[in-house]
1. Just checking, does region 25-36 include any residue being more than 13 Å from Ile120 (Cα to Cα), under 15 Å from the mean Cα position of the chain (by Cα) and part of a loop (DSSP other than H, G, I, E, B)?
2. Given the conditions (1) surrounded by 15 or more Cβ atoms within 10 Å (Cβ to Cβ); (2) of a type outside the set (Gly, Ala, Ser); (3) in contact (Cβ under 8 Å) with a residue 60 or more places away in the chain, and given that Val124 satisfies all but one, which numbered condition is not satisfied?
3. Restricting to region 27-48, what's the tally of residues that are closer than 19 Å to Leu7 by Cα and in contact with a strand residue (DSSP E or B) (Cβ under 6 Å, 6 or more places away or on another chain)?
4. What tally of residues in region 45-56 results from selecting those that are surrounded by 11 or more Cβ atoms within 10 Å (Cβ to Cβ) and in a loop (DSSP other than H, G, I, E, B)?
5. For region 13-58, what are the residues that are over 30 Å from His106 (Cα atoms) and of a type in the set (Val, Ile, Thr)?
6. Quick one: how many residues across region 77-95 are closer than 15 Å to Ser17 by Cα, surrounded by fewer than 21 Cβ atoms within 10 Å (Cβ to Cβ) and of a type outside the set (D, E, K, R)?
7. Please work out which residue is farthest from the chain's Cα centre (by Cα), limiting yourself to region 57-70 and to residues that are assigned to a loop (DSSP other than H, G, I, E, B) and more than 13 Å from Leu123 (Cβ to Cβ).
8. Could you list, in sequence order, all residues of region 1-18 that are closer than 12 Å to His63 by Cα and in a strand (DSSP E or B)?
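The values are calculated or read from the model by the stated rules, or taken from the named source; none is laboratory data. As the structure is a computational prediction, the values presented were derived from the model and not from experiment. All Cβ positions, even for glycine, are placed from backbone atoms using ideal geometry, and neighbour counts span all protein chains on display.
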Amino acid sequence: MNEMRCLRLSEDAGGVSRFEDFTIGLTMQDFAPPAPSLWLSGAEPADRLVYLTLPAGWGSPQHPSPRRQVALCLAGRLRVEAGSGEVREIGPGGIWRMEDTRGAGHTTTVLGDEPVQLAIVQLVDDA
């Protein structure tokens with residue numbers, strides 16, 4: 001396995017958010033010697049890690065992401081609708097990169113009776 005699949009939510013020049021499936025390239029590297037080498041991506045600057053829980057029944061109006069960030073779904077299922085109208089469901093193990101920070105954004109809805117738990121890595125801005 002030399003790549004990892006991810007979901008990106010970005011926006012076009014008109015501010016409409018859109019989904020894109022992409023892969024992160026991995027190369028065999030030493031990470032924690034003397035542990036054996038493993039498949040590893042390049043480093044990306046990040047400055048905060050937050051954890052959050054969206055309660056069962058929670059839903060949001062359309063909104064942009066508060067900053068460039070990557071969500072790692074730990075538990076529960078959610079539905080995200082891009083401004084383009086495309087819908088994706090994200091569940092445990094899902095990786096969701098949010099880059100729609102300037103336009104109208106997306107909506108998020110918790111599916112089912114289980115809360116959604118996310119770990120969110122907030123990235124350094126490209127200023």
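1. Here is the first cut: in region 25-36, the ones more than 13 Å from Ile120 (Cα to Cα) are 25-36.
With under 15 Å from the mean Cα position of the chain (by Cα) added as a condition, the list becomes none.
No, the conditions are met nowhere in region 25-36.
2. (1)
3. 3
4. 1
5. In the first step, residues of region 13-58 are kept if they are over 30 Å from His106 (Cα atoms); the result is 27-40.
Once the filter is applied, which keeps residues that are over 30 Å from His106 (Cα atoms) and of a type in the set (Val, Ile, Thr), region 13-58 yields only Thr27.
6. Keep residues of region 77-95 that are closer than 15 Å to Ser17 by Cα, which gives 79-88.
Narrowing the set further to residues that are surrounded by fewer than 21 Cβ atoms within 10 Å (Cβ to Cβ) leaves 79, 81, 84-88.
Then drop every residue that is not of a type outside the set (D, E, K, R), which leaves 84-85, 87.
Final tally of qualifying residues: 3.
7. Taking region 57-70 as the starting set, the residues that turn out to be assigned to a loop (DSSP other than H, G, I, E, B) are 57-58, 60-62, 64-68.
The next check asks that each one be more than 13 Å from Leu123 (Cβ to Cβ); those that pass are 57-58, 60-62, 64.
Working: Gly57: 20, Trp58: 18, Ser60: 16, Pro61: 18, Gln62: 17, Pro64: 13 Å.
Checking each candidate, the answer is Gly57.
8. Filtering region 1-18 for residues closer than 12 Å to His63 by Cα gives 15-17.
Selection gives Val16, Ser17.
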